[in-house]
Structures are given as C-alpha cells and as structure tokens.
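Below is the structure I would like to discuss, written out as structure tokens.
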Amino acid sequence: MSLAVGRCAYAQSLAHPTSLVVLVSSDRTMLQRIYDIQATNLCAITGQALLQWCR
C-alpha cells in the first residue's frame, strides 16, 4: 500500500507542478524513495517533522 501512496504523491506533483506536495510517512524507505525522485515540488517528511513545521 505504501508504494501506491508514493505513486499518488508523485502523480499529484506532476499534475500540479506549481504546488508543493508533502508526503508524511514514518516509513524510512518511503522517505528515501521520495527523496531519490528529486522532484522540485515533492518532498516527504515524518509526522514529527510535520508537527514541528506547523508550530
């Protein structure tokens, strides 16, 4: 299922190239895969990082 979520996030980044797409995941492999894509408008962060970002 996590692969499908990653693919959807990537598809969203392609469909909306002027928007930032942020995938929140605790799966280290998923975080690395998203990082490896090197899309300018797609990133992946942990839930803890999201909480810090919101503050």
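The values are calculated or read from the model by the stated rules, or taken from the named source; none is laboratory data. This one's a predicted model, so the numbers in the text were calculated from it and none came from an experiment. Neighbour counts are summed over all protein chains in view; Cβ atoms, including those assigned to glycine, are modelled from backbone coordinates with ideal geometry.
Take the residues of segment 1-27 that are part of a helix (DSSP H, G or I) and loosely packed, with under 10 Cβ neighbours inside 10 Å: which is modelled with the lowest pLDDT?
Top of the filtered list is Ala4.
Hey, among the residues in segment 36-55 that are among the small types (Gly, Ala, Ser) and under 21 Å from His16 (Cβ atoms), which one's surrounded by the most Cβ atoms within 10 Å (Cβ to Cβ)?
Here is the first cut: in segment 36-55, the residues among the small types (Gly, Ala, Ser) are 39, 44, 47, 49.
Checking the rest, the ones that are also under 21 Å from His16 (Cβ atoms) come to 39, 44.
Working: Ala39: 14, Ala44: 20.
Result: Ala44.
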